[in-house]
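One structure is given below, encoded as structure tokens.
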Amino acid sequence: MPRWTMAIDLDKCLGCQACTVACRMENNTPIAGPEQAAKGRAMLWNEVIPSSDGEYPNVTARYIPRPCMHCDDALCVKVCPVKATYRNEEGTVLVDYDRCIGCRFCTVACPYAARYFNWHEPYYPETLKAHLNPDVAIRPKGVVEKCTFCVHRLRKAREQAAAEGRVFQASDYVPACVETCTGRARYFGDLDDPASLVSQLLKSPRAFHLLEELGTHPKVFYLREG
Amino acid sequence: MSRIEQTVFAPLRTTGKSFWVLFTILAALTGWGVFAYIYQLSDGLGVTGLSRPVYWGIYLTNFVFFIGISHAGTLISAILRVTQANWRRSITRIAEAVTVFALCVGGLQILIDMGRPERALNVILYGRYQSPFLWDFTCISIYLFSSITYLYLPMLPDLARLRDKFDGAGWRKWLYTTLALGWKGNYEQHHRLEKAIAILAIAIIPIAVSVHTVVSWIFGMTLQPMWHSTILGPYFVVGAIFSGIATLFLAMALMRKVMHLEEWLTEKQFNYLGLLLLVMSVLWTYFTLSEYVTTFYGALADEMPVANAKIFGEFNWAFWTMVLFNGILPFVILIRRSGRTVMGTVIASIFIDIGMWLERFTIVAPSLTRPRLSQWAIYQPTWVEASITIGSLAMFALLFVVFFKLFPSLAIWEVEEGVEIEERRKLAEKIRLEDLRAASGVASGE
Ligand code: SF4
Ligand code: SF4
């Protein structure tokens, strides 16, 4: 059974936010609009967070792209009262939109603030409507959503492999953000395969997890600027 | 009819104009809250001031506040029953009613806060006990059920009296007859009732403690800064009893005035309960101090922004008002005997209820505005949240008022029993003194 993992090399990340846009187009993330966004309701499954260390003039600025970490010990999964948020056999954390009661316990529990709530009925401008991805369900008002590691792509890749009569390979599947990344800063693969690139990268001394000290065991990891 | 019966039954018989005025005001406010909720339901939770990452706000504050208030009643009257405090007899009914209605309105807040309230049944269908939400659901349900029983059982003998003596006809008569369950008041029945009440009184204490402990664990079980703290459970329980007694005072003072119960709700009750309130105030201060001293001394990078937001930042008005209203003013008022009067306790209680609501608010909101990752946020509640809060308060009062328009405000039989016990005690004392005198007479005669 694979365990899907993402690595993000901060040295290569340009902060261009192409991943954010790709994610939005791929996953039909609704548009909040400027007014709602100002209230902190913008939906960015993959947010690029600017962060800085030190004080002027000795400042180091960096960008940290933050998808859902798909934590192995995910607090969102723990607290969900109805098992609407769950971790599937491959370790990916998903939301059942038909079951979620909208209590937002998961959103307050997630230390990465990676979850988003549908405050209103989802809205898409006319120009976007024609480009909605038919593979991804549109979430109704009142439920929680977040990055899925583009799980629909995985399903499709498996079906494709089966149709072509070959064995599914880990390399058949990448999320949209990884495919789009301008700086080629993102890697994706199976952590249970010791030979995979992500497994190798995890051994690098540059590898670290966000908020490692919280013990959530995130599956997304980063490579520190060298 | 005895005097107590006459006094207690009077408001059930006749309804004055002032009742309808009060009823209309409360009903209108409740209706306004309902309107705001319908608006929220049709438009989505976006009409509130909530955002990412401040996903919880006023509704959760209200939830904790009302569930806290519910500890007035049953817990207090249970403890007083178990310890056989005789002066409790005239306040238990009021206290138990506060509990039941506070629980109803408190539970409602969770439904109001849900994005998909129509799926609430999923909690039963797919509920998983790993989630603190389910702990709350279970504990509060059990508490509600036992509180209703606990309100109802001791009312049986009074209902039977109403059945026998209520002169009005119609549905009221029918209501009392049905609810009295064929109570005859013989020895056997009394014996069983006393036993049932005694068992319930003991059982309900751990239930009540569990309720507010798991309410706090909704926050405590997450890793959010200043929520993830072991002190939260007992801190919440103390705060709950504190605000509960304060609300009980307000209810008592109101009923005393409106229903002319001065003879039974005396200065004595206000004095004793006032002492209890004083103790809770001191305990609350102690817990608050412990919480903040450890936070500041440890100075964890995640927690400091939250603590600073509360004490110096945008929440400082709420924080310092809370300290003043919960810790300082009640202490100053209640420490002296002259402060523990009806007037004094009512003033202290108003402060405490406001202070405790603010306390809940400063626990719920600030932690969420200072996330570890992503930008700091501000939380500005909207008119919808304010209206629903006012509506909820009005609804609580409305339920209370309507209930006591239909049911007796004192446990008449218990009060009578208390008087009897008191008289017997006096008699015993008299006999003892006479014996003593006789004995000393004999001694001096020798
Ligand atoms: S990052 Fe947050 S939403 Fe994603 S799995 Fe971890 S706790 Fe859940
Ligand atoms: S908001 Fe939905 S997914 Fe999140 S904890 Fe509640 S029911 Fe579960």
So, A:TYR187, is that one within 24 Å of A:ALA109 (Cβ to Cβ), of a type outside the set (Gly, Ala, Ser) and touching a strand residue (DSSP E or B) at 6+ places or on another chain (Cβ under 6 Å) or not? no
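Yes/no matrix, rows are residues, columns are (1) in a helix (DSSP H, G or I); (2) touching a His at 6+ places or on another chain (Cβ under 8 Å); (3) away from chain A (no Cβ under 14 Å):
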position: B:TYR129; (1), (2), (3): no, no, no
position: B:PHE137; (1), (2), (3): yes, no, no
position: B:LEU151; (1), (2), (3): yes, no, yes
position: B:MET155; (1), (2), (3): yes, no, yes
position: B:GLY168; (1), (2), (3): no, no, yes
position: B:LEU175; (1), (2), (3): yes, no, yes
position: B:GLY182; (1), (2), (3): no, no, yes
position: B:GLU194; (1), (2), (3): yes, no, yes
position: B:LEU200; (1), (2), (3): yes, no, yes
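Restricting segment A:95-115 to residues that are more than 10 Å from ligand 2 (Cβ to nearest atom) and closer than 28 Å to B:TRP376 by Cα, which is farthest from the chain's Cα centre (by Cα)? Step through it out loud before you land on a result.
Of the residues in segment A:95-115, the ones more than 10 Å from ligand 2 (Cβ to nearest atom) are A:98, A:111-114.
Next, from what is left, pick out any that are closer than 28 Å to B:TRP376 by Cα: A:111-114.
Numbers: A:PRO111: 14, A:TYR112: 11, A:ALA113: 12, A:ALA114: 8 Å.
Applying the filter and picking the extreme gives A:PRO111.
Just need a number here: residues in segment B:197-227 that are of a type outside the set (Ser, Thr, Tyr), open to solvent by 20 Å² or more (accessible area, probe 1.4 Å) and more than 23 Å from B:ASN326 (Cβ to Cβ). Write out each step before concluding.
Start the filter on segment B:197-227 by keeping residues that are of a type outside the set (Ser, Thr, Tyr), which leaves B:197-209, B:211-212, B:214-215, B:217-221, B:223-227.
From the residues that got through so far, the ones that are open to solvent by 20 Å² or more (accessible area, probe 1.4 Å) too are B:198-200, B:202-203, B:205-207, B:209, B:217, B:221, B:223.
Adding the requirement that they be more than 23 Å from B:ASN326 (Cβ to Cβ) leaves B:198-200, B:202-203, B:205-207, B:221, B:223.
Of the residues in that region, 10 qualify.
Out of the residues in segment B:183-213 meeting the condition of being polar (S, T, N, Q) and at pLDDT 85 or above, tell me which one is nearest to B:LEU162 (Cα to Cα).
So the residue we want is B:GLN189.
Consider B:LEU153 carefully, then state whether it is more than 28 Å from B:VAL237 (Cα to Cα) and surrounded by fewer than 20 Cβ atoms within 10 Å (Cβ to Cβ).
No; evaluated as a whole, the condition is false for this residue.
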For segment B:91-116 the number of residues that are more than 16 Å from ligand 2 (Cβ to nearest atom), closer than 18 Å to B:GLU385 by Cβ and crowded, with 23+ Cβ neighbours inside 10 Å is 2
By residue number, the members of segment A:47-73 that are touching a strand residue (DSSP E or B) at 6+ places or on another chain (Cβ under 6 Å), acidic (Asp, Glu) and within 16 Å of ligand 1 (Cβ to nearest atom) are A:GLU47
Cβ pairs under 8 Å, 6+ apart, first in segment A:23-48 and part of a strand (DSSP E or B), second basic (Lys, Arg): A:GLU47/A:ARG66; A:VAL48/A:ARG66
Total residues in segment A:78-103, condition within 11 Å of ligand 1 (Cβ to nearest atom), within 10 Å of another protein chain (Cβ to nearest Cβ) and more than 19 Å from A:ARG139 (Cα to Cα): 2
Considering segment A:2-41 alone, what residues qualify as being surrounded by fewer than 18 Cβ atoms within 10 Å (Cβ to Cβ), touching a strand residue (DSSP E or B) at 6+ places or on another chain (Cβ under 9 Å) and hydrophobic (A, V, I, L, M, F, W, C)? A:LEU14, A:CYS16
Would you check if A:LEU128 is modelled with pLDDT of 95 or more and open to solvent by 30 Å² or more (accessible area, probe 1.4 Å)? no
Please state which of the following conditions A:ASN118 fails to meet, knowing it meets all the rest: (1) more than 13 Å from ligand 1 (Cβ to nearest atom); (2) among the polar types (S, T, N, Q); (3) within 24 Å of A:ILE8 (Cβ to Cβ); (4) open to solvent by less than 20 Å² (accessible area, probe 1.4 Å). (3)
Failed condition for A:CYS76, given (1) touching a strand residue (DSSP E or B) at 6+ places or on another chain (Cβ under 8 Å); (2) open to solvent by 10 Å² or more (accessible area, probe 1.4 Å); (3) more than 11 Å from ligand 2 (Cβ to nearest atom): (3)
Kindly provide the set of residues from segment A:191-226 that are basic (Lys, Arg) and touching a strand residue (DSSP E or B) at 6+ places or on another chain (Cβ under 7 Å), ordered by number. A:ARG206, A:LYS219, A:ARG224
Filtered residue count, segment A:133-179, keeping only those that are crowded, with 18+ Cβ neighbours inside 10 Å, part of a loop (DSSP other than H, G, I, E, B) and not small (Gly, Ala, Ser): 11
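What helices (runs of 4 or more DSSP H) completely inside segment B:1-90 contain at least 1 residues that are of a type in the set (D, E, K, R) and open to solvent by 20 Å² or more (accessible area, probe 1.4 Å)?
On the way: elements: B:3-13, B:17-43, B:58-69, B:73-82.
Correct list: B:3-13, B:17-43, B:73-82.
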Tell me which residues, restricted to segment A:104-137, are within 7 Å of chain B (Cβ to nearest Cβ), more than 15 Å from B:THR222 (Cα to Cα) and hydrophobic (A, V, I, L, M, F, W, C). A:PHE117, A:TRP119
Selection count, segment A:193-226, where residues are open to solvent by 80 Å² or more (accessible area, probe 1.4 Å) and not in a loop (DSSP other than H, G, I, E, B): 4
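Condition check: more than 14 Å from chain B (Cβ to nearest Cβ) and within 16 Å of ligand 1 (Cβ to nearest atom). Does A:LEU44 satisfy that? Even if it seems obvious, please write down each step before you answer.
Working: more than 14 Å from chain B (Cβ to nearest Cβ): no; within 16 Å of ligand 1 (Cβ to nearest atom): yes.
So A:LEU44 does not fit the description; no.
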What pairs come out if I take residues in segment B:211-229 that are more than 10 Å from chain A (Cβ to nearest Cβ) and pair them with residues that are among the aromatic types (Phe, Trp, Tyr) and assigned to a loop (DSSP other than H, G, I, E, B) whose C-beta lies under 8 Å away, six or more apart or interchain? B:GLY220/B:TRP227
Hey, any hits in segment A:66-74 for a residue that's in a loop (DSSP other than H, G, I, E, B), touching a Lys or Arg at 6+ places or on another chain (Cβ under 8 Å), within 11 Å of another protein chain (Cβ to nearest Cβ) and on the phi > 0 side of the Ramachandran plot? no
For segment A:138-150, name all the residues that are at the interface with chain B (Cβ under 7 Å from one of its Cβ atoms) and away from ligand 2 (no atom under 11 Å from the Cβ). A:LYS141
Starting from segment B:114-126, take each residue that is more than 7 Å from chain A (Cβ to nearest Cβ) and list its partners that are away from ligand 2 (no atom under 12 Å from the Cβ), counting only C-beta distances under 7 angstrom and pairs at least six apart or across chains. B:PRO117/B:LEU111
Only residues in segment A:86-111 that are open to solvent by 40 Å² or more (accessible area, probe 1.4 Å) and in a loop (DSSP other than H, G, I, E, B) count as the first member; pair them with residues that are near ligand 1 (Cβ under 9 Å from one of its atoms) and modelled with pLDDT of 95 or more, Cβ under 8 angstrom, at least 6 apart or cross-chain, and list the lot. A:ASP96/A:THR85
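The values are calculated or read from the model by the stated rules, or taken from the named source; none is laboratory data. Everything quoted here is computed from the prediction, not taken from an experiment. In this analysis, Cβ positions are derived from the backbone assuming ideal geometry, glycine residues included, and neighbour counts consider all displayed protein chains. Protein only, heavy atoms only, side chains kept; ligands, DNA and RNA dropped before computing areas. Shrake-Rupley method; radii C 1.70, N 1.55, O 1.52, S 1.80 Å.
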